[in-house]
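The values are calculated or read from the model by the stated rules, or taken from the named source; none is laboratory data. Bear in mind that the values here come from a model prediction, so they are computed numbers and not experimental data. Here the Cβ positions follow ideal geometry from the backbone for every residue, glycine too, while neighbour counts run over all protein chains shown. Just the protein is used for accessible areas: all its heavy atoms, side chains included, with ligands, DNA and RNA removed. Shrake-Rupley method; radii C 1.70, N 1.55, O 1.52, S 1.80 Å.
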Amino acid sequence: MLKISIILPVYNAEKYISQTLDSIINQSFSDYELIIIDDGSTDDSFKIINNYKDDRIKYYKNVKNSGIVFSLNRGLEIA
């Protein structure tokens, strides 16, 4: 059983997503899952996220932009 679930809502985050993911992945604590909820991005966020080959990363995409509260609640349900 994992100790921590990190929920990361993203929307058109291509400018910062690599830095964010690198920061999370490079932490000394490694017993976590990273749940990324893409809130209908129209930029290259998915392409960047997809380049990370780490089993702890779980990617989900909302059908349409539904807002941060919806995305966080969806992440909580998944966790």
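Listing for the model above:
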{"quantity": "Of all accessible heavy-atom area on the chain, the percent that carbon and sulfur account for (1.4 Å)", "calculated": "53 percent"}
{"quantity": "Full-extension gain in nm, residue 79 to residue 61, via 0.36 nm per residue minus C-alpha separation", "calculated": "5.0 nm"}
{"quantity": "Stokes-Einstein diffusion coefficient of segment 22-77, Kirkwood radius over Cα pairs, 4 °C, 1.567 mPa s, in µm²/s", "calculated": "105 µm²/s"}
{"quantity": "In sequence order, calculated HN-Hα J values of segment 16-25 (Karplus, 6.51, -1.76, 1.60; Hz; x Gly/Pro)", "calculated": "10, 5, 5, 4, 5, 5, 4, 4, 5, 5"}
{"quantity": "Ordering of 6-18, 45-57, 23-35 by burial proxy (mean other Cβ atoms within 10 Å per residue, highest first)", "calculated": "6-18, 45-57, 23-35"}
{"quantity": "Amide proton proximity set for residue 14, modelled H, under 5 Å, gap of 5+", "calculated": "44, 45"}
{"quantity": "Cross-link pairs beyond the 20 Å C-alpha cut-off, checked among 15/61; 3/61; 3/58", "calculated": "3/61"}
{"quantity": "Proximal aspartates and glutamates relative to residue 64, as straight alpha-carbon distance under 20 Å, when same-chain residues fewer than 8 apart are discounted", "calculated": "14, 38, 39, 43, 44, 77"}
{"quantity": "Cα-centred dipole magnitude for the chain, charges only on beta-carbon of K, R (+1) and D, E (-1), debye, nearest 20", "calculated": "120 debye"}
{"quantity": "Probe 1.4 Å, protein heavy atoms only - accessible area per residue of the chain in square angstrom", "calculated": "66 Å²"}
{"quantity": "Long-range HN-HN contacts of residue 38 with modeled amide H, under 5 Å", "calculated": "10, 60, 61, 62"}
